[in-house]
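The values are calculated or read from the model by the stated rules, or taken from the named source; none is laboratory data. Please read these numbers as outputs of a predicted model, since none were measured by experiment. Cβ placement follows ideal geometry from the backbone for every residue including glycine, while neighbour counts extend to all protein chains displayed.
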Amino acid sequence: MRATLLIPLILAACTQFPELDARLDDASLTAPYPTLAPLDQLLAQADQTGFDPTASLEARADALRARAARLRAPVIEPRLRRRMLQSITLQQRGV
């Protein structure tokens, strides 16, 4: 039983991995490492941008409410529905 579980693990260890370094261009290889900044500094910069998600969330909520209202509308127009019901009633009576 244990040998059965080890076979996939052994086969996975024998696979060839792609050459990832070969896919990078010269500019990427010679580029300097990015500088690390403290989290407090990054959060302070994010607060200064003044991005207010309230407006976009309200617009999305309004769009979803409008879509829900369209989905609540009748699929078959009332006039056509009356005609269909009348013909069903006539068929049930055998007319």
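Here are some notes:
- Scope the range 47-95; condition modelled with pLDDT under 90, of a type in the set (Gly, Ala, Ser) and surrounded by fewer than 10 Cβ atoms within 10 Å (Cβ to Cβ); matching residues: Gly50, Ala55, Ala73, Gly94
- Annotation note: Cβ proximity below 6 Å between a residue of the range 68-95 that is assigned to a helix (DSSP H, G or I) and a residue that is loosely packed, with under 10 Cβ neighbours inside 10 Å and of a type in the set (Lys, Arg) (sequence gap 6+ or interchain) occurs for no pair.
- Considering residues of the range 20-67 that are assigned to a loop (DSSP other than H, G, I, E, B) and hydroxyl-bearing (Ser, Thr, Tyr) only, the residue nearest to the chain's Cα centre (by Cα): Thr49
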